[in-house]
1. Could you order the peptides 316-324, 155-163, 657-665 from most to least packed, using the average number of other C-beta atoms within 10 Å per residue?
2. What ³J(HN,Hα) values, in whole Hz, does the Karplus curve 6.51 cos²θ - 1.76 cosθ + 1.60 give for segment 626-632 when θ = phi - 60°, with x put for Gly and Pro?
3. Leaving out same-chain residues fewer than 8 places away, which aspartates and glutamates sit with a Cα under 18 Å from that of K511?
4. Could you give the accessible area per residue of segment 496-571, probe 1.4 Å, as a whole number in Å²?
5. Once ligands and nucleic acids are excluded and a 1.4 Å probe is used, how much of T607 is accessible, expressed in Å² to the nearest 10?
6. List the chymotrypsin sites (Phe, Trp or Tyr not before Pro) within segment 264-353 that DSSP assigns to loop and that have no more than 16 neighbouring Cβ atoms inside 10 Å.
7. Taking amide H positions as placed 1.01 Å from N in the peptide plane, with prolines and chain starts having none, which residues 5 or more places from G540, or on another chain, fall under 5 Å of its amide H?
8. Quickly rank 181-189, 575-583 as a protection proxy: mean count of other C-beta atoms within 10 Å, highest first.
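The values are calculated or read from the model by the stated rules, or taken from the named source; none is laboratory data. Quick caveat: nothing in here was measured; it's all calculated off a predicted structure. Cβ coordinates were reconstructed from backbone atoms using ideal geometry, including for glycine residues, and neighbour counts include every protein chain displayed. Protein only, heavy atoms only, side chains kept; ligands, DNA and RNA dropped before computing areas. Shrake-Rupley method; radii C 1.70, N 1.55, O 1.52, S 1.80 Å.
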Amino acid sequence: MPLYQIPPRLRRCLYAFAFLLAVVVAVPLFNLSALGDKLAADASDSLGRKVEIGALRLALLPRPNVTLEDLTISEPDGRALFAHFESARFSLGWGGLVKGRAELVDARVEGLVVNAYQRLDGTLNIDDLLARRPKPGRVDWRPERVDLVSAALNWQDAHGATTRFRKLDLHALDPEGENGAVTVVGQLTAPDWGGGLRVDSKLRVDRAKLAARLKQFRLAINAQTPEWRDGRFELAGDLELGALPWRAQLQQVVAQATVQRGEQRWQAKLRTPALRGGEGGLATGEIEAEFGIKSRLSEIAGQLRLARLAAEPTGGLAADQARLTLQLLDDTQNAQLEIESPLRMGNWRTMELPAFTLTGSYRNKALPQGAIKLALAGRTAVDLERERFDWDSRGQLDGAPVTALLSLEDFVSSRYAFALDLAKLDLTPYLPNAEAAPLLDPAQPLSLDWLSGLVARGEVRIGELDIGRFRVFNLQTHVDTKRRQLKLDPLRADIYGGQLNGKLLLEGGTKPRLHMLQTLTGMEVAALMSDTFGIDRLSGRGTLNLDITAPAGSIAALRQGMSGRVDLMLTRGAIAGLDVGDVLRGLRSNLARLTGGAIPADVARRTRFSDLSARFVIKEGVAESRDLVIRAPFLNLAGDGRIDIGQGEVDYLLNATVRGGSGVPELDALKGVQVPIQISGPLASPSYKLDTTALREKLGSAAKPVAAAPKQ
């Protein structure tokens, strides 16, 4: 059909379509480099920075758009690189073109890289870009959608620390409308850690005021480091942002974090009505926080309350009053502490309580009758970057003056240094009510799990330590723990009227062991034997040298597996249960009693001596001695035998020899006679049995008439 026969209206539509098709086909044929150069020059003039465009492409379908490729923007000096992207496509609305204006309705930027940093004066290297507004009348910005694909941001703070954001995908729908929304996903790498992030929020941008409001803002970060794993941080609230001056306010803030480090699970949750930041620093309203550290063996739980946290003129944050509640728990003990103090924080990495007061209590299963009270004051600080904790306090522990210093390095593989100076600690009121029973149940297992991973060094001084009937004065020791070992060297104390000096080594693990190398000088042995073993059979003052190794699973295992040696030297003492001189004197006057039968023990009777010495060689809980020597009035006693410490049994042969000179005829008549005394039975109440053979021979030969000599 000839064109002139087509109706005029349809003919005009065909003309318009043909023209449009010709434009679409012809546009790519034009050399647009000159247009790109002109656009780069205009952008450089507008931004005050050097802008270069590698290529420019135009397209009309599906809607008119301009694509810029290989675009770079410099720093204000024109040399350093500020930003670069591989391609950016800006779409124009048909409605604006019909009206003769360029109206950008969406943008898609791929491969964007931005280098942003903070100067020492607090300003940013992008402030000049925000201060320069586009000249009116050129382009209208009416975005329906903005997409950033595979973007990157390198951020450097004023101290030189760099945080890198990678593989960022941002999708914003109707950012300036009433129902705008934004989603961001990507990866970040901080100086000490890295992970993935995601942001979801409603969005309303006000370009005229350089402000944005993000309602129902939610940030989630998954973190991972060689030491930390399964870390997750979430921040939620209503966020308002502004530029020139830079400011931010997050309302109805809820932040929570969880992370696994070694066997420890860390978690924290924080709430505050508002969190504000800007040129004046950071400030908040009331803060409530909960946190906890939990492992297989123990748990720490705490609550923190701050009335107000604000920036200081010198930098950092401060609160006039902070209240911290702590609870420490494990299978055998727990502590509850309340701390009040001003608070100082620096760059979210350091925290200091410069003048704290602490009240609290400590409980232990071994002390079931009550809790030990604490009342301290001092200073403490935490440095998260260096992983260091320092504590300096003075006050009272259970009513007695105490000074305690503690430093900790590395929050997982912790290393401790400490000093404790305590005037007195009396644990007796907290012990089970058992007046006559030993302090510890021999069969009760001794848990040494606390030695696992413990690395500590320090000094301990205790003026007086009371544990039931066991009392120690002026205790001083250097503590060193590592590789599941506890070493006290030197270990000194005033004990039972004498002095203790030596060292102790306790080894944990599957087969715990104890090694003691001690010298006790000038000691009252009666009190030691009574309080330690519940035995009231030996008294005297002297010296005890110990070199003992034993399993440390329990007191019973220690007694049954003990090995080593004990050197004992006593003076002016007594052995309770039998008076050897009295027995011999009584037997001399009554031959009918020389039957060799057992003599019942009588604790009221004692064999007093001027000195006693013996060496015991111990193997698997059995102590053997072959050189016991006792000097008693008018008597010498020597003996050998064995003491089964584990079973509490004794089997010992004591040979008594009368020296004479007593002035008692019945006793002096036995001068030179050796009488064996067999001691056997329970160690606490043994029986005595005399072998009277030699005595009967002595007395019998004295009673026979002497035969006359034969005549020569």
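1. Details: 316-324: 17.8, 155-163: 12.4, 657-665: 14.6.
Most protected by this proxy first, the peptides run 316-324, 657-665, 155-163.
2. 10, 9, 5, 10, 10, 10, 10
3. Partners found: D449, E620.
4. On the way: 3190 Å² over 76 residues.
That works out to 42 Å² for each residue.
5. That residue has around 10 Å² of solvent-accessible surface.
6. Values: sites: W266, F291, W348; in loops: W348.
Sparse-neighbourhood loop chymotrypsin sites (Phe, Trp or Tyr not before Pro): W348.
7. Amide H to amide H, under 5 Å and 5 or more residues apart or across chains, G540 pairs with V525, A526, A574.
8. Working: 181-189: 16.9, 575-583: 20.1.
Peptide ranking by packing, descending: 575-583, 181-189.
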